[in-house]
Amino acid sequence: MSNALHSRSRPMAYPLSLAFLLALSGSLLVTPSVHASSPAEKVFCTHAPRSQWMSEAQAREVFGASQYVVVKFKISRGNCHEFYAVDAQGGVVEAYLHPVTGQEIRATRLPAPSARPSRP
């Protein structure tokens with residue numbers, strides 16, 4: 001049996017951090033009170049060429065990504081740096097930053113769901 005064939009039969013191993021991020025990112029999608037912007041709420045940031053934009057690393061620093069447990073970054077259809085983040089208490093943030101200036105264009109913050117009282 002060749003090494004190439006043998007390596008294909010092994011399950012693909014993902015780093016723990018990637019698996020953790022994917023699991024928590026999925027929880028953002030199923031949380032009933034969290035949703036992406038509706039079409040009427042679409043945010044537009046700039047027509048500036050991407051060569052003038054700050055990098056993802058710079059945008060994460062401006063956003064304060066280190067304060068959150070999970071941070072998902074993407075470029076929105078309106079040419080914004082878009083962040084979805086979850087803090088340690090379970091609060092969720094959706095934020096749009098201008099990709100050239102780093103200015104916060106819009107942010108929605110939802111507090112963590114309150115803990116349910118335990119039953120006796």
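The values are calculated or read from the model by the stated rules, or taken from the named source; none is laboratory data. It should be emphasised that the depicted structure is a prediction, and the values quoted were computed from it without experimental measurement. All Cβ positions, glycine included, derive from the backbone under ideal geometry; neighbour counts span all protein chains shown. Note: areas computed on protein heavy atoms with side chains; ligands, DNA, RNA excluded. Shrake-Rupley method; radii C 1.70, N 1.55, O 1.52, S 1.80 Å.
Figures for the structure shown
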{"quantity": "Members of segment 54-86 that are crowded, with 16+ Cβ neighbours inside 10 Å, out of contact with any His (no Cβ under 8 Å at 6 or more places or on another chain) and free of Cβ contacts under 8 Å to residues at least 40 places away in the same chain", "calculated": "60, 65, 68, 71, 76, 82, 83, 85"}
{"quantity": "Residues located in segment 54-79, provided they are more than 13 Å from the chain's Cα centre (by Cα) and part of a loop (DSSP other than H, G, I, E, B)", "calculated": "54, 55, 77, 78, 79"}
{"quantity": "Checking residue 51 against (1) loosely packed, with under 10 Cβ neighbours inside 10 Å; (2) modelled with pLDDT of 95 or more; (3) within 16 Å of the chain's Cα centre (by Cα), the condition it does not meet", "calculated": "(3)"}
{"quantity": "Residue list for segment 99-116, restricted to those being assigned to a loop (DSSP other than H, G, I, E, B) and either more than 20 Å from residue 59 (Cβ to Cβ) or open to solvent by less than 30 Å² (accessible area, probe 1.4 Å) (or both)", "calculated": "99, 102, 111, 112, 113, 114, 115, 116"}
